[in-house]
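The values are calculated or read from the model by the stated rules, or taken from the named source; none is laboratory data. Just so it is clear, the model here is predicted, and its values are computed rather than measured. When we count neighbours, we look across all protein chains shown, and the Cβ atoms used for this are built from the backbone with ideal geometry, even at glycine.
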Amino acid sequence: MKSNDALLTAWENTLTRAKDSPAIFNTLGEMIRAFAQIEEDARDFEEKIDRFGAGSVIAVQIGNHADWPSILLACLRKQLVVLPLEQTMSEQQRDKALEICKAVGVVAAAVSGGRDLEVLPLRTAAATTRWGDKVLSLLKLTSGTTAAPRTIRFSSEQLLADCDQICETMGITEVDLNFGVIPISHSYGFSNLLTPLIVRGVPMVLSNDRLPRAVLVDLARTNATVFPGMPLFYQAFCEMEAVPALPKLRLCISAGAPLSVAVAKKFEKKFKQPIHSFYGASECGGICYDREATNETQGFVGQPMKDVDLEIVDPTAAASQVRVRSRAAGDGYFPDTDDEKLGRGFFLPDDLLTKTENGFRIVGRVSDRINVAGKKVHPAEVEAHLLRFAGVRQAVVFGRESALRHEEVAACVVASPGVSEPDLLEFCRRELSGWQVPKRIFIVNAIPVNERGKINRREVARHFRS
């Protein structure tokens, strides 16, 4: 009996075409799952979740485990709503997310750090959440611009649309081999690794080792053709000596954080591969993609994805929010909705973009703008300038309280030996407007990032409070 679920229908077609083909490899290049085995494991897992009623929420916190496809398929068949959780989140964050989503169970390692999984039932309210007429498949957890976690509601049709838009825009097919080190629990990994395998039969290598040297060695050893990466990996690769050849690698993607032009150029020179910037959001999936990968302008993210339309909210402004219209946009937030921001096929990100003749460029976020005596400073513009200074590898700009000017601009950079604060300040004074020039530039050994490769600007600002 054929399923009415869009992802399950696509999976049935994939299984028919590729039943005995390799689906998942380990980092040694060994096949650990064929497509047929994923199906067998999914049927077995259905029995473990049979106790839960349709519409119930099941959290999955298993890292990049090879059972991810089977678990998702089983939950889709039982009409359970999957809530992916990152392994690195704190116990307090995890418990809060489970409470907010009224999760009835958690799929996790039976032993900490082990590969065997178990389903842990949770004590929760007896009533199952009512999701309305549409059958939900996934809740993506996001903190947004507030500290309180909330989720985004998705149907299988929306997840399928995101997968199709990504694969068709980026040219990813079943003859490729994805290298999966980005977390599947994050929107980027879910849509670039998991759904392409289910929907299009794109096999993948799964890795839980995020050390850059190990990632590079495993990329070479497995002959992966597509690397969905993050700037932190590309920067680390550029700084390595005695790097392996990557003859099979044909597509490098960067998302999750801004990619430095200097890093992109250095990587292309060293590895003979351009890096394609990819701009997306948990709420709507892919938004823009730099198809040409010229990497000439800081913050450039290319043209809209296939079947995605962008509407500039304020055409008169130098930089404006855009309204994203896409079949992949989620139904709304949960538990608290925000109809002006998300729903009815559109999403309004907080990012500020400028349109160029070649595409779009991200210049900052509404919440990140620094108010210097009434003038608005976009941190991304100052960061782009600092990154042009020879020896500066990373830069983050933030606002600090100022008695005279409301806020003042400050910066934190990772730089080579010999780079000094006075030199950087003079470099800024030469080309930036006076209100954009940082009052202080702190030189550090490293700027911490989260599992998604993102810098928490607020945490950096808190650390360097005046």
Only residues that are of a type in the set (S, T, N, Q), surrounded by fewer than 16 Cβ atoms within 10 Å (Cβ to Cβ) and in a loop (DSSP other than H, G, I, E, B): list them for region 325-377, please. T337, N358
Counting only strands (runs of 3 or more DSSP E) wholly inside region 1-76, the ones holding at least 1 residues that are of a type in the set (K, R) are 31-34
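Select the helices (runs of 4 or more DSSP H) contained entirely in region 185-268, then report the ones holding at least 3 residues which are more than 30 Å from G391 (Cα to Cα). If you could, list the steps in order and put the result at the bottom.
Working: elements: 195-200, 212-222, 231-239.
Fully inside region 185-268 and qualifying: 195-200.
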Within region 114-140, track down each residue that is at pLDDT 75 or above and small (G, A, S). G132, S137
Report every pair of residues separated by at least 6 positions or lying on different chains whose Cβ atoms are under 6 Å apart, first residue within region 270-282 and within 28 Å of S155 (Cα to Cα), second aromatic (F, W, Y) and surrounded by 21 or more Cβ atoms within 10 Å (Cβ to Cβ). F278/Y289
Can you tell me which residues in region 162-184 are surrounded by 23 or more Cβ atoms within 10 Å (Cβ to Cβ) and in a helix (DSSP H, G or I)? D162, C163, Q165, I166
Would you mind stating whether K19 is within 20 Å of L206 (Cα to Cα), of a type in the set (K, R) and either without any contact (Cβ under 8 Å) to a residue 24 or more places away in the chain or surrounded by fewer than 19 Cβ atoms within 10 Å (Cβ to Cβ) (or both)? yes
Given (1) crowded, with 18+ Cβ neighbours inside 10 Å; (2) part of a helix (DSSP H, G or I), Q92 misses just (1)
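Within region 254-304, how many residues turn out to be aliphatic (A, V, I, L, M), under 14 Å from the mean Cα position of the chain (by Cα) and modelled with pLDDT under 95?
So the first thing to find is which residues in region 254-304 are aliphatic (A, V, I, L, M), and the list is 255, 257, 259, 261-264, 275, 281, 287, 293, 301.
Then drop every residue that is not under 14 Å from the mean Cα position of the chain (by Cα), which leaves 255, 257, 259, 281, 287.
Retained after the next criterion (residues that are modelled with pLDDT under 95): 257, 259.
So the count comes out to 2.
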